[in-house]
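Worksheet: one structure, shown below.
Rule-based calculations on the coordinates, nothing more; no lab input. Remember, it's a predicted structure, so these values are computed and weren't measured experimentally. When we count neighbours, we look across all protein chains shown, and the Cβ atoms used for this are built from the backbone with ideal geometry, even at glycine.
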């Protein structure tokens with residue numbers, strides 16, 4: 001039952017990933033959406049990091065968080081439509097739109113790395129899980145360095 005309850009929000013989020021761009025009536029809606037998604041990304045990366053730094057990491061918990069992250073990561077990159085770059089409270093740099101191909105490369109790389117993180121954690125390989133987490137964190141940092149205002 002617990003697994004079913006965990007799977008429902010993931011499935012719901014996945015069903016929203018593709019049409020998300022079309023759902024934004026105003027640029028502010030896109031901003032709020034991506035800010036929420038990125039908050040979830042940071043929370044689940046933090047939970048994974050906490051487990052991997054503990055004396056006895058629970059790879060089942062890492063896998064659960066990586067599965068959520070696997071879905072959530074696909075959501076945020078749909079939330080950068082034209083016009084949402086002009087919002088005063090946005091931390092996105094103009095390069096998100098002017099270097100869209102590079103931004104997409106980061107998104108694609110992040111999705112690959114999170115997939116590896118999920119596979120390693122499900123496989124029970126702690127060293128591979130730590131390595132995959134580090135690769136994922138590097139992509140997050142590189143994207144933030146290039147595309148996010150501090």
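Things to note:
- Label positions at residue 25 and residue 49, each projected 7 Å from the Cα along the C-beta direction, are separated by 3.7 nm.
- All-pairs Cα distance distribution in the stretch 13-150, expressed in whole percent, bin size 10 Å: 12, 42, 31, 13, 2
- CD proxy at 222 nm, helix term only [per DSSP H run n ≥ 4: -39500 (n - 2.57); per residue of the chain; nearest 500]: -25000 deg cm²/dmol
- Residues 118, 126, arranged from fewest to most other Cβ atoms within 10 angstrom of their Cβ, appear as 126, 118.
- Put in order of Cβ neighbour count within 10 Å, fewest first, the listed residues 86, 38 become 86, 38.
- Site pair residue 60 and residue 145 shows an inter-label distance of 3.8 nm when each label is modelled 7 Å from Cα along Cα→Cβ.
- Altogether, the Stokes-Einstein calculation at 37 °C and 0.692 mPa s, with the Kirkwood radius of the stretch 96-150 over Cα pairs as Rh, returns a diffusion coefficient of 278 µm²/s.
- Cα-based helix-to-principal-axis angle, 100-123 vs the chain, degrees rounded to 10: 20 degrees
- Gap separating the Cα centres of the stretch 47-70 and the stretch 83-150, nearest whole Å: 18 Å
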